[in-house]
Amino acid sequence: MSVHNLNPARQQPGRYDHLIRPDGLVHRTLYTDPAIFDEEMRKIFGGSWVYLAHESELPDPHDFKTATLGRRPVIVARDGNGALHGLLNRCTHRGSLVCVKEQGNAPRFQCPYHNWTFGSDGRLLAVTFPDGFAASFDKKTRNLGQLPRLESYRGFIFGSLNPEVEPVAQWLGNARPVLDWAIDKDEAVSRRWRVVKGTHYTFRANWKHQNDNNCDPYHVPFLHSSTAKMNEVMHGVGKGLDHVKGDRNRMYVQYLGNGHKLFDQRPEMGDSWPRVRPIPGKETHATAILAEAGEAMGAKYLELVGRAGINLIIYPNLFIMGHGMFAVYEPVSVARTNTRYYSTLFDDAPAAFNTLRLRFAEDFNNLAGRDDNDAMERIQDALDTIPEMEWLDFSRGLGTPRESTDENGVITGNVMDDTGVRGSYLRWKELMHAEPQLGVVT
Ligand code: FES
Ligand SMILES: [Fe+2]
């Protein structure tokens, strides 16, 4: 595992030291400077692992799904033998996008510009009007570019342009048992689960705001107060977000290393089904699930609807909420980011369970998720327009006795402290100070 040394005094000195300070202050230019953004796309989104797709989205030979690695368009494709390839979605003729569909099954990709044809393994199969090319023209030198590294962990596929990057299972490190916990919960009830697309939106702010926000319970009682109030007035207490009211409880945040962090709500959550807010068709679907699956199994299904009690952020672009919900962040520019939500559905469960799960996944994103976007856009606007005010404060918890480090290097902080976020910024600095040798296999 790469070293995540959180003692600022012992980190390698580098050109970003003055922008991420040991007292928890982070400079505004990390969110506003296009040159820093470009460097992030190379060193963080190129030099480390980035989540691309889930194997269940492309189960069969020649299935594919498009994604982005940083800003680079890629195609995750299975060849005729079922082997996975991470292809750069860029024609080797004149550079056009080769595949313009999001997802599908195709033994060949035909470039729309001059119709060069590539196999699902990236090999150039045919050029149009081949007589026009010299005898020395070698098709083998015009295959689609491939990521030098593509690895899957329990179906989650990650890619990297850095041939030297450590194996995914090792890189996940202390995040791995939490991810396992989330997957195990689904797999204990279903042998046939698959990932499906949910809502998708763009916010007008830097990608790191979302990465910070998902491990920032401090904002929940305030920014989401209207959602919480509406919940309480309409549906009574004990639902939705009302376990996140203050910092005197058993919940916590953790920095797990390699940029990964966790906001763990499980100590205060209890069962998840009783906490589910009223959502369209809730009672009808619940009745159908219990009727079809029986009381015991039906109760297990219902318990997998609602929040699982974790915000696990796998750095830099994957946000696992558990109970089959996760989000993927795609940086578009220094002040623009796409968010794509996904859910898992069970092919061996009553149809009503899958419907209920989707309705719940939409519910939270469309209420509280909008508050978050709004906050991030306001931050971005102010950071962009007031250069005289330079710093963001991530010091909460620092210099207090509220933080402790265990034998695995996991740093645990009070639930409303910036422990996890600070760790991610030290990882940011470590990656930005490195010089990864990125490569493409052709
Ligand atoms: S750009 Fe793809 S065939 Fe010409
Ligand atoms: Fe939020």
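Quick look at the numbers
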read-out: Residues that are assigned to a helix (DSSP H, G or I) and surrounded by fewer than 18 Cβ atoms within 10 Å (Cβ to Cβ), drawn from the stretch 380-396; value: ASP381, ALA382, ASP384, THR385
read-out: Selection from the stretch 336-388 of residues that are within 16 Å of ligand 2 (Cβ to nearest atom), over 21 Å from ARG204 (Cα atoms) and more than 16 Å from the chain's Cα centre (by Cα); value: ASP363
read-out: Number of the exception - ASN89 against (1) in contact with a Cys (Cβ under 8 Å, 6 or more places away or on another chain); (2) farther than 30 Å from LEU179 by Cα; value: (2)
read-out: Residues that are assigned to a strand (DSSP E or B), more than 13 Å from ligand 2 (Cβ to nearest atom) and of a type outside the set (Ser, Thr, Tyr), drawn from the stretch 180-219; value: TRP193, ARG194, VAL195, VAL196, LYS197, GLY198, HIS200
read-out: Criterion violated by TYR113 - all others in (1) crowded, with 18+ Cβ neighbours inside 10 Å; (2) within 16 Å of ligand 1 (Cβ to nearest atom); (3) not in a strand (DSSP E or B) satisfied; value: (1)
read-out: Looking only at the stretch 89-103, and only at residues there that are more than 11 Å from ligand 1 (Cβ to nearest atom) and out of contact with any strand residue (DSSP E or B) (no Cβ under 6 Å at 6 or more places or on another chain), the one that is nearest to LYS197 (Cα to Cα); value: LYS101
read-out: In the stretch 354-372, the residues that are without any contact (Cβ under 8 Å) to a residue 24 or more places away in the chain and surrounded by fewer than 19 Cβ atoms within 10 Å (Cβ to Cβ); value: ARG370
read-out: Check on SER190, assigned by TED's automatic domain parsing to the domain that holds VAL421 and of a type outside the set (Phe, Trp, Tyr); value: yes
read-out: The stretch 402-423 residues that are within 15 Å of ASN214 (Cα to Cα), paired with ones that are of a type in the set (Lys, Arg) and in a strand (DSSP E or B) (beta carbon under 9 Å, 6 or more apart); value: THR419/LYS261; GLY420/LYS261; VAL421/LYS261; GLY423/LYS261
read-out: In the stretch 119-136, the residues that are more than 9 Å from ligand 1 (Cβ to nearest atom) and closer than 30 Å to LEU58 by Cβ; value: GLY119, SER120, ASP121, GLY122, ARG123, LEU124, LEU125, ALA126
read-out: Yes/no for ALA228 being assigned by TED's automatic domain parsing to the domain that holds MET297 and free of Cβ contacts under 8 Å to residues at least 24 places away in the same chain; value: yes
read-out: Selection count where residues are of a type outside the set (A, V, I, L, M, F, W, C) and surrounded by fewer than 17 Cβ atoms within 10 Å (Cβ to Cβ), scope the stretch 170-184; value: 4
read-out: Subset tally (residues that are farther than 24 Å from ILE310 by Cβ and surrounded by fewer than 19 Cβ atoms within 10 Å (Cβ to Cβ)) for the stretch 333-349; value: 4
read-out: Matching entry among GLU377, GLU330 (being touching a residue at least 60 places away in the same chain (Cβ under 8 Å), in a helix (DSSP H, G or I) and surrounded by fewer than 21 Cβ atoms within 10 Å (Cβ to Cβ)); value: GLU377
read-out: Flag if THR227 is within 12 Å of ligand 2 (Cβ to nearest atom) and either acidic (Asp, Glu) or closer than 26 Å to ASN354 by Cβ (or both); value: yes
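The values are calculated or read from the model by the stated rules, or taken from the named source; none is laboratory data. What you are looking at is a predicted structure, and each value in this text was computed from that prediction instead of being measured. Backbone-built Cβ (ideal geometry, glycine too); neighbour counts: all protein chains shown.
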